[in-house]
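Here it is: the structure, laid out below.
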Amino acid sequence: MLCCSYCGWPNLYDLEADHVIPRSRGGSTVSWNLVWACKWCNRQKGDKTGDEYVAWRRVFPALATHGPYHGYELIPPRYYPMSS
Ligand SMILES: [Zn+2]
């Protein structure tokens, strides 16, 4: 099942393509740099890298609120590549 790479949100209709290394920091639109992320994580991630965003969620769980999970991961973060 496809989930958000950062919070584990499982609803496909809320998932978008995310650049692990943001375009603003030199990341390109190639398959290894594209993963699934929910629209809320995608917006909060901004110009952070994937690893930076995961760390940010751990430091500021109260800010990383969306869906029913309120900042706590449903499942541990792992990348769901778009290419598979
Ligand atoms: Zn998410």
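Every number in this text was worked out from the coordinates using simple rules, so none of it is lab data. Please read these numbers as outputs of a predicted model, since none were measured by experiment. Cβ placement follows ideal geometry from the backbone for every residue including glycine, while neighbour counts extend to all protein chains displayed.
Just the residues that are assigned to a strand (DSSP E or B) and surrounded by fewer than 17 Cβ atoms within 10 Å (Cβ to Cβ), please, taken from segment 11-70.
To start, the set of residues in segment 11-70 that are assigned to a strand (DSSP E or B) comprises 15-19, 34-38.
Result: E16, A17.
If you check every pair at least six apart or on different chains, which have Cβ atoms under 6 Å apart with a residue in segment 19-43 that is β-branched (V, I, T) first and a residue that is in a helix (DSSP H, G or I) and away from the ligand (no atom under 11 Å from the Cβ) second?
Note: pairs meeting the criteria are V20/N33; V20/G50; I21/N33.
Count, please, the residues in segment 1-27 that happen to be among the small types (G, A, S) and more than 15 Å from P81 (Cβ to Cβ). So that I can check it myself, show each step before the final result.
We begin by selecting, within segment 1-27, every residue among the small types (G, A, S); these are 5, 8, 17, 24, 26-27.
Imposing the further condition that a residue be more than 15 Å from P81 (Cβ to Cβ) reduces the set to 8, 24, 26.
Number of matching residues: 3.
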